[in-house]
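Below you'll find the structure, written out as structure tokens, and then a few comments.
Bear in mind these aren't lab numbers, they're just calculated from the coordinates by the rules spelled out. Predicted model only: the values in this text are computed from it and were never measured. Here the Cβ is made from the backbone with ideal geometry for all residues, glycine too, and neighbour counts use every protein chain on show.
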């Protein structure tokens, strides 16, 4: 009997931000394969006897390679098990959910994807930094800070610069390793005083925000004060933080 794979977006960090459908799948799972950024509070929701497999997925290092993860998902489902792949954020926002779903379907295994709140949406709300709104932002762009093909990184920096010029708010994900270069590229098309912020460990009790002008954020990056995982915002929406953020928000 064939099982099934359900790829679940766990949300940005706060375990209460998972969807009802995602939580239902998690509680029914026979096997859960989870990443480093999947909220640990959700692991306590699995049923007795559920097999837990940690995939790691830290920047530059993983407990399991992507090929190994793909094979485990398909193999466990072919044993007739309900397999939940628990991923931080949303599976289809730089989450490689599409690769995993394609692989298991090619093996003849049914696959369902349950969306999750992306990290940049959660960080925006929990840090008091709106992405768009009347009078301050009519367009925003979301971009990854690095590309898989390192030979294309310079071209990617040029693309980020063009996006920054065309958008009222630029959002950078997975960019800490290249962040100094990225922000210096952005500074060529934005004013040095453009509002900017980094939100680290968004929506968790460890959340920390560094906010100021773009030139200030560059200095903070070069001083080593911005750490993974972090979402970066550059745009006037950052100025709303002073009116929207509450110390008891978490």
- line: DSSP beta bridges in region 119-244: the antiparallel percent, rounded to 5, is 75
query: Per-residue ellipticity at 222 nm for the chain, helices alone: DSSP H runs ≥ 4 residues times -39500 (n - 2.57), over residue total, nearest 500 deg cm²/dmol?
result: -9000 deg cm²/dmol
Antiparallel DSSP beta bridges within region 4-114, percent to nearest 5: 10
statement: Least to most buried among 167, 138, 151, 180, by other C-beta atoms within 10 Å and fewest first, runs 151, 138, 180, 167
message: Can you sort 174, 152 from fewest to most other Cβ atoms within 10 Å of each residue's own Cβ?
response: 152, 174
query: What's the center-to-center distance, using Cα atoms, between region 73-138 and region 168-246 in Å?
result: 24
- request: Taking only Cα atoms and a 10 Å spring cutoff, compute GNM fluctuations for the chain and point out the largest among 161, 100, 79.
  value: 79
statement: Counted neighbours (other Cβ, 10 Å), sorted fewest up, put 129, 121, 53 in the order 53, 121, 129
task: Out of all DSSP beta bridges with both ends in the chain, state the antiparallel percent to the nearest 5.
output: 45
